[in-house]
Amino acid sequence: MIPGLAALVSPCVVAEVARCFLRDEPFVVHGSRPSFVELASIPFLASLETLLGAWPDVVQAHLPDVADESHAVTVSPQDARKLFANGMGLLFDDVHRYALQLVPWLDMIRSELGLSAQTLQRCLVYATPAGKGTAPHFDQNVNFVLQLHGQKTWRLAPNLHVARPMTRHTMGQQVDAELGSYARMPMPDELPVDRTEFLLEPGSLLFVPRGVWHSTHASTDALSLNFTFSAPTWLDLFTAALRSRLVLSPEWRGTAVPLSVTTFEALVSELAEDSVGWSAADILAATEPHMDSEP
Ligand SMILES: [Fe+2]
């Protein structure tokens with residue numbers, strides 16, 4: 001099977017999920033299909049017990065006060081087993097490092113979405129005990145959630161407080177200063193009423209757009225595999241390219257002495273003159289060295 005969106009969303013077509021990606025709208029497909037059979041047959045994904053027995057790394061356990069990955073402890077797989085039995089959700093990070101057959105899926109999905117080569121892509125596995133879930137939040141990344149075992153309900157709602165957030169935020173928690181500078185404050189303390197529910201069962205695949213509010217609730221013990229993409233924004237690419245250019249200058253590398261405003265003024269003026277000749281293609285050449293045409 002060729003890894004990628006076509007296999008992942010079959011019998012739907014890639015154009016449908018690509019359209020949802022561009023519009024920040026959710027997408028879901030249900031039922032078993034060959035891609036699910038292949039991914040669910042990765043040996044250590046057979047069950048939570050199998051995963052805990054084979055996992056060579058630490059596990060994050062979500063503390064019950066907030067039930068969110070922003071409030072988690074890092075524990076051994078042995079301790080994770082006990083915490084799960086006591087109702088705590090678990091997160092297995094960077095699963096593709098231990099299941100290399102997932103890497104081509106990540107590479108292909110990123111390529112099909114046209115995301116930057118600088119994208120942080122990873123596979124995560126979430127284990128959620130029956131009756132538990134995650135508190136309402138939004139993420140700055142995009143997620144494809146493949147339900148492996150059990151049933152989990154996702155509630156998604158449009159985010160009317162901020163578009164295209166640069167960081168994640170959980171309802172009821174402190175808003176980081178930068179997010180607060182461009183979000184409509186205060187943030188809500190419960191999911192908006194125009195929420196949509198998706199019941200995920202083994203084989204279901206849900207695309208969770210960047211920035212949409214979501215919460216989850218597992219009606220049985222549940223295990224899901226996530227393909228997660230934290231893609232740089234135009235802002236990220238531009239500032240990275242700008243830095244790579246300015247770092248060549250001993251003047252720009254000078255220690256900032258804010259009282260010396262004339263020195264800084266000269267640098268900014270020089271930059272303004274120089275920037276007239278910049279092109280987007282030149283800037284992208286600094287961050288996307290292998291890209292030579294539109295995706
Ligand atoms: Fe999330």
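The values are calculated or read from the model by the stated rules, or taken from the named source; none is laboratory data. Bear in mind that the values here come from a model prediction, so they are computed numbers and not experimental data. Every residue, glycine as well, gets a Cβ built from its backbone with ideal geometry; the counts of neighbours run over all protein chains shown. Calculation scope for accessible area: heavy atoms of the full protein, side chains included, ligands and nucleic acids excluded. Shrake-Rupley method; radii C 1.70, N 1.55, O 1.52, S 1.80 Å.
Suppose we keep only residues that are open to solvent by 30 Å² or more (accessible area, probe 1.4 Å) and under 15 Å from the mean Cα position of the chain (by Cα) within segment 118-130. Which one would you say is farthest from the ligand (Cβ to nearest atom)?
Narrowing segment 118-130 to residues open to solvent by 30 Å² or more (accessible area, probe 1.4 Å): 118, 120-122, 126, 130.
Subsequent filtering for residues that are under 15 Å from the mean Cα position of the chain (by Cα) retains 118, 120-122, 126.
Values: Gln118: 21, Leu120: 15, Gln121: 16, Arg122: 14, Tyr126: 9 Å.
Applying the filter and picking the extreme gives Gln118.
Report, by residue number, each residue of segment 141-186 that is within 15 Å of the ligand (Cβ to nearest atom) and of a type in the set (Ser, Thr, Tyr).
Correct list: Thr153, Thr167, Thr170.
Name the residue, out of Glu49, Glu38, Glu25, that is more than 20 Å from Ala127 (Cα to Cα) and acidic (Asp, Glu).
Glu25
Considering only segment 1-112, give the helices (runs of 4 or more DSSP H) lying wholly within it that have at least 3 residues that are closer than 25 Å to Gly133 by Cβ and modelled with pLDDT of 95 or more.
14-23, 34-40, 48-54, 77-85
State which residue pairs qualify: first residue closer than 21 Å to Trp105 by Cα and open to solvent by less than 20 Å² (accessible area, probe 1.4 Å) and inside segment 131-146, second residue assigned to a strand (DSSP E or B) and within 10 Å of the ligand (Cβ to nearest atom) in any location, beta carbons under 6 Å apart, and separation of 6 or more residues or different chains.
Asn141/Thr228; Asn143/Val208; Asn143/Asn226; Asn143/Thr228; Val145/Asn226
Name the residue, out of Asp107, Asp93, Asp57, that is within 16 Å of the ligand (Cβ to nearest atom) and of a type in the set (Asp, Glu).
When all the criteria are applied, what remains is Asp93.
Being more than 19 Å from the chain's Cα centre (by Cα) and assigned to a strand (DSSP E or B) is the filter; apply it to segment 154-197 and report the residue that is surrounded by the fewest Cβ atoms within 10 Å (Cβ to Cβ).
So, considering only residues that are more than 19 Å from the chain's Cα centre (by Cα) and assigned to a strand (DSSP E or B), the one surrounded by the fewest Cβ atoms within 10 Å (Cβ to Cβ) is Glu197.
Is it true that Glu201 is open to solvent by 20 Å² or more (accessible area, probe 1.4 Å) and touching a residue at least 60 places away in the same chain (Cβ under 8 Å)?
Details: open to solvent by 20 Å² or more (accessible area, probe 1.4 Å): yes; touching a residue at least 60 places away in the same chain (Cβ under 8 Å): yes.
Yes.
Run Gly180 past the list (1) out of contact with any Pro (no Cβ under 9 Å at 6 or more places or on another chain); (2) under 30 Å from Asp282 (Cβ atoms); (3) free of Cβ contacts under 8 Å to residues at least 40 places away in the same chain and report the number of the one that doesn't hold.
Gly180 satisfies every listed condition except (2).
Going through segment 230-281 one residue at a time, which ones are under 35 Å from the mean Cα position of the chain (by Cα) and among the aromatic types (Phe, Trp, Tyr)?
Answer for segment 230-281, where residues must be under 35 Å from the mean Cα position of the chain (by Cα) and among the aromatic types (Phe, Trp, Tyr): Trp234, Phe238, Trp252, Trp278.
If I ask for residues that are touching a Leu at 6+ places or on another chain (Cβ under 7 Å) and among the small types (Gly, Ala, Ser), which ones from segment 19-37 would you list?
Matches in segment 19-37: Ser35 only.
Checking Thr134 against (1) more than 15 Å from the ligand (Cβ to nearest atom); (2) part of a loop (DSSP other than H, G, I, E, B); (3) β-branched (Val, Ile, Thr), which single condition isn't satisfied?
All conditions pass for Thr134, except number (1).
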